[in-house]
Amino acid sequence: MRKESVRRVSVIAAAVLAAASLAACGGQSSGTAGTSEATTAAESGQKEETAATAAAAEAEQEQATAAASGELTKIIVGASPAPHAEILRAAQDILAEKGYELQVMEYVDYIQPNLALESGDLDANYFQHLPYLESFNEENGTDLVSAAAIHYEPFGIYAGRTASLEELADGAVVAVPNDTSNEARALLLLEAQGLIKLKEGADLTVTKNDIVENPKNLELYEVEAAQIPRVIEDVDIAVINGNYAIEAGFKVADALAVEDSQSIAATTYGNVIAVRRGDENDPAVQALIEALTSDEVKRFMETTYEGAVVPLF
């Protein structure tokens with residue numbers, strides 16, 4: 001995305017100038033103002049389209065030639081350490097075959113990778129779901145978009161001081177994320193297990209104030225999502241984001257309950273490849289998406305994370 005950008009722009013510019021020249025020549029051809037002008041316009045449009053197609057094909061050919069010669073174009077992608085950076089590295093060889101050297105930049109927070117993408121320090125990032133991205137844009141004035149959804153990480157309820165949901169005592173303490181979107185997912189998962197009841201029509205905007213029934217008088221302990229695994233021994237149960245569960249060594253197979261793959265949360269919170277608006281169809285971005293949605297990477301997700309990462313393709 002970086003090494004060949006000047007050459008690619010030159011190729012496309014040349015194609016556009018050629019198309020413009022052809023259109024100008026067509027505009028000067030003699031004939032009646034009716035059929036011949038319409039024919040000339042159509043021919044000009046076809047020539048412009050042909051020129052653009054030829055430019056794109058030439059750019060792809062140059063990329064293939066660079067790959068064959070070992071001259072790879074660098075693409076820099078920001079990601080959280082697990083599972084995103086691990087998944088990206090599983091796609092590196094596939095991208096190399098396509099002519100790209102994938103450089104993964106790891107971030108331990110959810111702010112800097114979006115700021116780095118907006119500023120141009122990154123070509124893409126891979127760590128967030130679409131609702132978070134849209135919220136970030138609104139709050140920070142950025143203009144980032146999703147190029148593709150790759151996977152989702154099911155929330156799980158994990159045992160702390162209490163070994164099972166059936167054993168939860170009256171007044172048991174439940175750790176949940178303290179940010180709006182993730183807390184809503186936690187509440188919906190608790191409701192799906194019959195532990196609480198939310199107001200009618202509850203969706204991904206619900207808060208603890210929308211709990212209408214709490215038969216066990218559960219005490220919700222709100223904690224920053226990344227910190228929940230660290231407090232699990234101090235609570236009865238904890239609802240943990242998939243990526244943080246992975247980093248802490250928890251396995252989905254050991255969870256007391258997990259989000260259903262057809263739940264509103266699972267279908268909404270797919271983790272996406274984010275790019276600057278207008279870069280969605282960039283050849284490097286498309287190559288990245290193709291690599292991440294390949295059969296090889298799908299197998300990597302399924303075998304490595306054992307249900308903690310679910311491909312969306």
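The values are calculated or read from the model by the stated rules, or taken from the named source; none is laboratory data. Fair warning: this is a prediction, and the values are worked out from it, not measured in the lab. Neighbour counts are summed over all protein chains in view; Cβ atoms, including those assigned to glycine, are modelled from backbone coordinates with ideal geometry.
Quick rundown of the values:
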| item | result |
| --- | --- |
| Qualifying positions in region 290-313 - closer than 20 Å to T268 by Cβ and not aromatic (F, W, Y) | L292, T293, M301, G307, A308, V309, V310, P311, L312 |
| From the options N209, N114, N137, residue that is over 24 Å from A85 (Cα atoms) and assigned to a helix (DSSP H, G or I) | N209 |
| Residues satisfying the stated conditions in region 83-110, i.e. without any contact (Cβ under 8 Å) to a residue 12 or more places away in the chain and either in the same structural domain as A225 (by TED's automatic domain parsing) or part of a loop (DSSP other than H, G, I, E, B) (or both) | D109 |
| A308 among the small types (G, A, S), within 21 Å of R89 (Cβ to Cβ) and part of a loop (DSSP other than H, G, I, E, B) | yes |
| Test: residue in region 188-204 that is without any contact (Cβ under 8 Å) to a residue 60 or more places away in the chain and closer than 22 Å to Y110 by Cα | no |
| Residues (surrounded by fewer than 16 Cβ atoms within 10 Å (Cβ to Cβ) and of a type in the set (S, T, Y)) located in region 66-109 | S69 |
| Selection count where residues are part of a loop (DSSP other than H, G, I, E, B) and surrounded by 19 or more Cβ atoms within 10 Å (Cβ to Cβ), scope region 169-193 | 1 |
| Qualifying residue in region 257-272 (condition: of a type in the set (A, V, I, L, M, F, W, C), surrounded by fewer than 21 Cβ atoms within 10 Å (Cβ to Cβ), within 16 Å of the chain's Cα centre (by Cα) and not in a strand (DSSP E or B)) | yes |
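Per-residue answers, yes or no, for (1) under 19 Å from N271 (Cα atoms); (2) touching a residue at least 60 places away in the same chain (Cβ under 8 Å):
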| position | (1), (2) |
| --- | --- |
| N125 | yes, yes |
| P131 | yes, yes |
| E139 | no, no |
| A169 | no, yes |
